[in-house]
1. With a 10 Å radius around each residue's Cβ, average the other Cβ atoms per peptide and rank A:457-464, B:71-78, highest first.
2. Can you give the helix-only mean residue ellipticity at 222 nm for chain B, where every DSSP H stretch with n ≥ 4 adds -39500 (n - 2.57) and the sum goes over all residues, rounded to the nearest 500 deg cm²/dmol?
3. Run a plain Debye calculation on the protein assembly as shown (Cα atoms as equal point scatterers, no solvent) and give log10 I(q)/I(0) at q = 0.06, 0.10 Å⁻¹, rounded to two decimals, same order as the q list.
4. Can you compute the label reach from A:Q90? Point 7 Å from Cα along the Cβ direction, backbone N cut-off under 18 Å, restricted to segment A:55-84.
5. So what is the orientation-averaged projected area of segment A:62-162, using the convex hull of its C-alpha atoms, in nm²?
6. HN-Hα J couplings of segment B:81-94 from phi, Karplus 6.51/-1.76/1.60, θ = phi - 60°, integer Hz, Gly and Pro as x?
7. Over the Cα atoms, compute the radius of gyration (one decimal) and Dmax (the largest Cα-Cα distance, rounded to a whole number) for segment A:209-249, in Å.
8. Dipole size in debye (nearest 20) for the protein assembly as shown around its Cα centre, Lys and Arg Cβ +1, Asp and Glu Cβ -1?
Amino acid sequence: MSSPITLYDKIWNDHIVTNNDDGTSIIYIDRHLVHEVTSPQAFEGLKISGRSVRRPDFTLATADHNIPTLDRDKGITDPESKLQVETLEQNCADHGITYLSMNDNRQGIVHIIGPEQGFTQPGMTIVCGDSHTSTHGAFGALAWGIGTSEVEHVLATQTLIQSKAKNMRIDIQGDLPIGVSAKDIVLKAIQTIGTAGGTGYVIEYTGDAIKSLSMEGRMTVCNMSIEAGARAGLISPDNKTIEYIKGRPFAPSAEEYEKVAQYWMSLASDEGAKYDKTISINAKDIIPQVTWGTSPEDVVSIDGSVPNPKDEADVEKRKSMMRALEYMGLEPSTQMKDIKVDTVFIGSCTNGRIEDLRAVSKIANGKKVASHVNAIIVPGSGLVKKQAEEEGLDKIFIESGFEWRDPGCSMCLAMNADKLQPKERCASTSNRNFEGRQGRGGRTHLMSPAMAAAAAISGKLSDCRDL
Amino acid sequence: MEKFIKIKSNAIPLPMVNIDTDMIIPKQFLKTIKRTGLGKNLFYELRYDENDKKISSFVLNQDQYKDSQILITGKNFGCGSSREHAPWSIADYGIKCIIASSYADIFYNNCFKNGILPIILGEEQVQEVLEAAEKSLNFEVDLEKQRVSYIINNEVKEVEFDIDPAKKACLIEGIDDIGLTLNKVSHISEFEDKQKSMNPWLYSQKLK
């Protein structure tokens, strides 16, 4: 019998087109997601060199980064954003690529609609010119973000030149305590290994706490693998994966489904497979997490306080902590629960799915958003929005004082009109708390949807388990 | 792509760790449909104040570093978003070489597609070249010999660096990856035929 190997190794082996003399491999790409921001220069490159798109049938495009979440029927008013979206539409039309436009109710954030449409399937290699492509790893697909030159390479050849990464396993043992979510797991993991801890690795998440997560929760965990420096996150496929994909628009047909599902299950990492590195975290030690600084590794528990740079031995680290505290307008040792917020953003490819909105509605139901807080909810796709409305969640949100918007990336990266003002403090379910990420001078605290909802209601960072 | 041979220039010291691609080029400049013209917005929020005025204390705004082609910076440079606008803005500004102790993966790869050499040195070596960059105006990066040299206190110092031979060749010859891969297009077709016979469902999926 051959020796046991990981899910990553299996997918890698199955996609080698050829090994190059220099140790790199040409890897076949099964599916390519395209959006308006990182693709125009790639299509331009194709045109200049007279090349065509090899597999338009393996490519799916939408506009998400740059589109308004209000008054969508009026179109895009920003001329640059408008041109970028129109350029994508034209490129898709020219090359026969399926495009979900802003006014199609299947449109949404590219990493939400891939799984939603069944485009994302176990064992596939999936790329997109967006670092949060790691999201799709929740299905046991090897998925990673690429730059625009590589987008062009995939369009032209349906392959990429890659070096094999190392295998890391993050094992979350035991049961998650009540009120603790997938977001708390991944924030804890990033805090544990650091923002460069995963560089050069593909991270596979294992353990009972991961198995117990829904597909939505698994996507949240894999989504933020890049914030730990790993290009890709993975979770082995199981029955939940197979049930989720069944019947979706791109899914294999009912006749062949059982056979395909068997193949998918066979891709799971073998018992006894070797990992280059293993990290173990006990789920019962995780309580709701929030960030205090300007790097996703700047994480504390909600019952903790802002750290003191004086306690940091490493000089470089101390300097960056001081810079982060100044930017965030925080004093060392302040209790996290004493930090007031001005804005709450619920959405993004990390936490813009139906389960996230349900978690918010549970906290918000029958309560009011604090009078000084501006809280917006941006569903991840038109179908998430529709589902939420069918469940009556929109009424709960509006009644509580949240704004209920149209789908898109919105304030996660603030390319559209949704952005923070200087010094404005935001409880956000997104993925990056970098300086200026949500608007110049804006101050971001990352947390789960339930925690962001709790912050909206109480007007300050709060433990969602207390509400 | 322009060939990378040897550069002589002074070097910009930017001793910050975890500089992310949002910091290198903020989102308002990602709406372009071109690769060029981003250099003036490189490090925008560090370089200009709220009124678009240059912040004189920022290193890129200091006269002595005006035409520098080398940037020396802290570890995990280029983390975060995959935006290739980051290396585009660096290249458009005129920087052809970066020196740091580590880089984020996607950014590192993006550099090679844009003729930028990202050199990795040990943390102590980076510290030494950072200090030298404050004083010395004479740096030379020789990719062929894999060597950074600089003159400080009338003395020539040399530091050697490692680089993957394939990546080195790409920069020196200014190779277009896509052309190289298309030379092996028969392998790609063979792969597709084999995959189609083994996993046929992958080839029949349409948006229903």
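Quick note: the coordinates plus some simple rules give every number you see, no bench work behind them. All of these numbers come straight from a predicted model, not from anything done at the bench. Note that each Cβ is placed from the backbone with ideal geometry, even for glycine, and that neighbours are counted across all protein chains shown.
1. Values: A:457-464: 21.5, B:71-78: 24.2.
Put in order of decreasing packing, that is B:71-78, A:457-464.
2. Working: 8 runs with 67 residues, N = 208.
Dividing the helical sum by the residues of chain B leaves -9000 deg cm²/dmol.
3. Values, matching the q order: -0.31, -0.92.
4. A:62-63, A:76-84
5. Numbers: hull surface 28.2 nm².
For segment A:62-162, averaging the hull's shadow over all directions gives 7.0 nm².
6. With coefficients 6.51, -1.76 and 1.60, one gets 3, 7, 3, 6, 4, 5, x, 4, 5, 5, 5, 5, 5, x Hz.
7. Spelled out, the Cα radius of gyration and Dmax of segment A:209-249 are 11.4, 34 Å.
8. Working: 77 positive and 93 negative charges, 149 e Å.
That gives the protein assembly as shown a dipole magnitude of about 720 debye.
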